[in-house]
Amino acid sequence: MHTYSAIGDSLTLGTGTILFSPTFPDYYRTGIEQTVGKRVNLQKYARNGATTGDVRSWLEQSLPIALGDIITITAGGNDLIDAAEEFALTNNEAALQEALMSSCSNMKWIVEYLVKIANEKPQMIRFVNLYNPYPDLHFAEEWIKKFNKNLISCTKNEDVEVADVFNLFKGREGCLLSFDGIHPNECGQFLIAEALIKTGVCL
């Protein structure tokens with residue numbers, strides 16, 4: 001049996017979906033089970049509003065959840081949202097640039113930490129990039145693309161893959177986002193799982 005640890009923010013938590021409906025970790029677990037023919041035990045550790053710094057802090061303090069041989073990380077959207085709020089007040093891009101730098105630093109640390117554990121026990125480590133919930137805002141698209149580019153460079157490792165949901169969601173936001181216009185609905189959650197499966201299963 002394999003153990004899958006889903007760690008992160010509201011995406012992992014399933015905010016925006018109907019109560020008790022499947023979320024991407026549930027779909028992803030099923031996809032892996034069908035691929036490897038073995039049962040996968042799913043554990044979630046997520047919080048609304050969590051940033052890359054929060055995920056790093058959880059790992060530094062040792063999560064109250066055993067890290068499995070399959071790990072997904074969703075984080076970064078709130079880093080940009082927090083910085084965008086400051087940008088809206090000051091019109092100074094320094095806050096956004098700082099968010100990119102600090103999130104990259106946190107993600108590098110997260111990867112180094114998880115890879116160190118992977119040397120003791122083989123793991124599949126997967127990050128999910130950001131989609132754009134504000135497709136009509138050029139400002140949002142620009143910085144999300146910068147974050148996603150950083151995510152690839154800052155998590156580069158043979159044990160790590162990045163699932164591309166940005167391009168899956170682009171142009172389809174109206175049917176993939178929930179009533180709040182920000183979080184994925186059940187269809188969006190399913191597509192995130194599909195993007196993760198496309199990164200490959202190596203167990």
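Things worth noting here:
- Out of Glu33, Glu98, Glu86, sole residue that is of a type outside the set (Ser, Thr, Tyr) and touching a Lys or Arg at 6+ places or on another chain (Cβ under 7 Å): Glu33
- Residues of segment 1-43 classified as closer than 21 Å to Ile182 by Cα and of a type in the set (D, E, K, R), total: 2
- Test: residue in segment 65-84 that is open to solvent by 30 Å² or more (accessible area, probe 1.4 Å) and over 17 Å from Trp143 (Cα atoms): yes
- Residue list for segment 85-102, filter: part of a helix (DSSP H, G or I), open to solvent by 30 Å² or more (accessible area, probe 1.4 Å) and more than 18 Å from Asn148 (Cβ to Cβ): Glu85, Glu86, Phe87, Ala88, Leu89, Thr90, Ala94
- Pairing each residue of segment 60-76 that is under 14 Å from Met107 (Cβ atoms) with any residue that is at pLDDT below 90 and part of a loop (DSSP other than H, G, I, E, B), provided the two are 6+ apart or on different chains, yields C-beta distances under 8 Å for Ile71/Gln123.
- Residue count for segment 30-42 under the criterion of being assigned to a strand (DSSP E or B) and crowded, with 16+ Cβ neighbours inside 10 Å: the result is 2.
- Gly200 out of contact with any helix residue (DSSP H, G or I) (no Cβ under 8 Å at 6 or more places or on another chain), open to solvent by 20 Å² or more (accessible area, probe 1.4 Å) and under 27 Å from Tyr113 (Cα atoms): yes
- If you filter segment 1-29 down to residues that are part of a loop (DSSP other than H, G, I, E, B) and over 15 Å from the mean Cα position of the chain (by Cα), you find that the one that is modelled with the highest pLDDT is Pro22.
- Applying the condition of being hydrophobic (A, V, I, L, M, F, W, C) and open to solvent by 10 Å² or more (accessible area, probe 1.4 Å) to segment 1-17 and asking which residue is farthest from Glu60 (Cα to Cα) yields Met1.
- Search result, residues across segment 118-151 that are surrounded by fewer than 15 Cβ atoms within 10 Å (Cβ to Cβ) and of a type in the set (A, V, I, L, M): Leu137
- Note on segment 167-181: residues that are buried (at least 16 other Cβ atoms within 10 Å of the Cβ) and not aromatic (Phe, Trp, Tyr) amount to 5.
- Verdict on Tyr45 being open to solvent by 40 Å² or more (accessible area, probe 1.4 Å), under 20 Å from Pro184 (Cβ atoms), of a type outside the set (A, V, I, L, M) and not in a helix (DSSP H, G or I): yes
- Filter result for Ala50 (at pLDDT below 85 and either buried (at least 20 other Cβ atoms within 10 Å of the Cβ) or over 26 Å from Arg29 (Cβ atoms) (or both)): no
The values are calculated or read from the model by the stated rules, or taken from the named source; none is laboratory data. All values derive from a computational prediction rather than experimental measurement. Heads up, the Cβs are rebuilt from the backbone with ideal geometry, glycines too, and the neighbour counts pull from every protein chain shown. Only protein heavy atoms, including side chains, enter the accessible area calculation; ligands, DNA and RNA are left aside. Shrake-Rupley method; radii C 1.70, N 1.55, O 1.52, S 1.80 Å.
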